[in-house]
Amino acid sequence: MKMSARAKRMARNHKRGTTKLSLVSLMDIFTILVFFLMLNASDVQVLQRDDSVELPKSTVKTPAKETLLLMINANNILLQGKPIAKTADLYEQQDYIILALKEELLYQASRTTRAPIDPEDPDAEEDPGLSITIMGDKSVPYQILKKIMQTSAESGYTNIALAVENQLEASSEIAPADTQADASAEGDGS
């Protein structure tokens, strides 16, 4: 029986079988993508977010830095996610030093290696101190924050930053961000 041109074409296509997929070019693309993501991931500065802490809104120009994170919510004081003290206990406390927090901060300071100060560098600070970022809920009263900042300064953490949620000012050139930024304050304890 004689086959039509269409039947011959279908028979030819059916004989071809499976096609092979070359993965070399796909692996090259993914390798480039991985290197791109690795290089650009270091530029992102994000602090841990906790739903129990609602940050106050502010406009700031300095971005957040990777430092020791002290989080204060309505119930607890957490240092790097570890519970240190109950916030309710601090209301009755008359002393400005929180002993449990001071012990933990001194322990963290002993684990930190500090770069030596170059005496010939005119731009170098005398003693930059250790850095800490305080992420306090906006409902926490200032009297509690004052005790925490005093304890931090007593423990050697004099470079204190308060985390806030960045909000765009009308005449500002700051880009809007949902991440926190820090407003630097010298920790003199007052």
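The values are calculated or read from the model by the stated rules, or taken from the named source; none is laboratory data. Keep in mind the model is a prediction, meaning the values are calculated, not measured. Backbone-built Cβ (ideal geometry, glycine too); neighbour counts: all protein chains shown. Surface accessibility is based on the protein's heavy atoms, side chains included, excluding ligands, DNA and RNA. Shrake-Rupley method; radii C 1.70, N 1.55, O 1.52, S 1.80 Å.
Solvent-accessible surface (1.4 Å probe) assigned to residue 24 amounts to roughly 90 Å². Here segment 145-160 is scanned for amide nitrogen atoms under 17 Å from the site 7 Å beyond the Cα of residue 112 along Cα-to-Cβ, giving 148-160. Close amide H partners of residue 135, meaning residues 5 or more places away or on another chain with modelled amide H under 5 Å apart, are 70, 71, 72, 163. Here the Karplus relation 6.51 cos²θ - 1.76 cosθ + 1.60, evaluated at θ = phi - 60°, turns the backbone of segment 92-105 into coupling constants of 7, 5, 8, 6, 7, 9, 9, 4, 4, 5, 4, 4, 5, 5 Hz, with x for every Gly and Pro.
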